[in-house]
Amino acid sequence: MALHRGKYQQLKKKDLHVHTQYCKHTHGFMEEYVIKAIERGLEEIGFLAHAEAGIDHPRILWLQDGDYDAYWQEGTALKSRYGDRIKISLGLELGLNPSFLEELQRIMEKYAWDRIGLSYHQLADGDGYLNICSRLSIPRIREVDNLQFTKKYYRDLCNHVSAIQPDLLCHMDVVRKHMRDCSSDLEVQRLIRQLLVELKKERVRLEVNTAGYDTVGAPYPAPWILREAVEMGIDLVLCSDSHSPEHVGRRFDDALQYIKDSVALAPRFPAAARKHIQGSPCCGRGKVNHAWRENVEEV
């Protein structure tokens, strides 16, 4: 899209990452989210229910076997009830687990989901998993090597985008939510760049997630990652990651300005992080796309 002016304004008309009561850590019911989206003038609300595979944890914060049917049936009923006022889409926020890809595939095949968002919350840690997004994990996060976990986070995403082929990547750099921000490391930068290359190659959209305002003070991803994505021509979507009806479409106008400010930044990636993509077909054989710069002049 390269953020053409008309499409740029259209970003705030859709909130494509909203959660439900079936995730067991939200407030409100699906219908309340739909009503709030209508009140706020949205054209589409996209539910993404958490789905995980192979995670054994006492706090279940994602759909279990019986929940998929209930989620689909309630969502289908809401489409019928409100379809003349707003588009409602039903999808999954699929949590990557490299050791359980077949089970993740079965989850994706349960229904004809409108959208699959890929995320990565649970990273292997010894005999168990470390939820990098949970406050309850902070004591353990302080014990582990944050740089190595950050590299693993980006490396695993890089290696599985093509296998899962999601529609969008959720909160790309959420690994810095509770961990030390390791993005100044050259290897981390190279992995981030490679992940963007994979998104471009597989035509996966990048989420601008406004829940970041509450956690890191600005949307995910960081401005320099967002700028690089826009320069590469990766499509963007605005998402609130709402866990409460009141958060539907939250701070979307601020996020539009954030996108504009981000693409005005000087490049962050050093030459060393760029070298491996020279000649890549998905990046115009090493040629920089300058069209993005003029396409965001007007908010």
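The values are calculated or read from the model by the stated rules, or taken from the named source; none is laboratory data. Computed from a prediction, not measured in an experiment: that's the story for all the values here. Backbone-built Cβ (ideal geometry, glycine too); neighbour counts: all protein chains shown.
Quick notes on this one:
- Whenever a residue of the stretch 108-136 is closer than 27 Å to residue 237 by Cα and touching a residue at least 40 places away in the same chain (Cβ under 8 Å), its partners that are small (Gly, Ala, Ser) and in a loop (DSSP other than H, G, I, E, B), lying with C-beta atoms within less than 9 angstrom and at least six residues away or across chains, give the pairs 121/134; 122/54.
- Scanning the stretch 20-31 for residues that are in contact (Cβ under 8 Å) with a residue 24 or more places away in the chain and closer than 12 Å to residue 75 by Cα yields 20, 22, 30, 31.
- Cβ separations smaller than 6 Å between residues 6+ apart or across chains give the following pairs from the stretch 78-90 residues that are among the basic types (Lys, Arg) to residues that are surrounded by 18 or more Cβ atoms within 10 Å (Cβ to Cβ): 79/88.
- Evaluated against (1) touching a Cys at 6+ places or on another chain (Cβ under 9 Å); (2) hydrophobic (A, V, I, L, M, F, W, C); (3) without any contact (Cβ under 8 Å) to a residue 24 or more places away in the chain, residue 49 falls short on exactly one condition, (3).
- Only a single item in (1) under 12 Å from residue 94 (Cα atoms); (2) among the polar types (S, T, N, Q); (3) buried (at least 22 other Cβ atoms within 10 Å of the Cβ) is not met by residue 165, and it is number (3).
- Note on the stretch 212-223: among residues that are buried (at least 22 other Cβ atoms within 10 Å of the Cβ) and not hydroxyl-bearing (Ser, Thr, Tyr), the one that is nearest to residue 196 (Cα to Cα) is 221.
- When each of 46, 75, 91, 66 is tested for being among the small types (Gly, Ala, Ser), crowded, with 21+ Cβ neighbours inside 10 Å and assigned to a helix (DSSP H, G or I), the lone residue that passes is 75.
- Criterion (closer than 26 Å to residue 91 by Cα, modelled with pLDDT of 95 or more and in a loop (DSSP other than H, G, I, E, B)) met by exactly one of 178, 171, 160: 171
- Selected residue (criterion: surrounded by the most Cβ atoms within 10 Å (Cβ to Cβ)) from residues of the stretch 224-251 that are under 15 Å from the mean Cα position of the chain (by Cα) and not in a loop (DSSP other than H, G, I, E, B): 239
- Just one of the listed residues (254, 235, 214) is within 27 Å of residue 185 (Cβ to Cβ) and among the charged types (D, E, K, R), namely 214.
- Out of 236, 191, 206, sole residue that is over 28 Å from residue 142 (Cα atoms), in contact (Cβ under 8 Å) with a residue 40 or more places away in the chain and among the aliphatic types (A, V, I, L, M): 236
- Checking each residue in the stretch 115-154 for being in a strand (DSSP E or B) and not basic (Lys, Arg) picks out 116, 117, 118, 119, 122, 123, 124, 125, 128, 129, 130, 131.
- Count of residues meeting criterion [more than 24 Å from residue 245 (Cβ to Cβ) and in a loop (DSSP other than H, G, I, E, B)] in the stretch 187-223: 4
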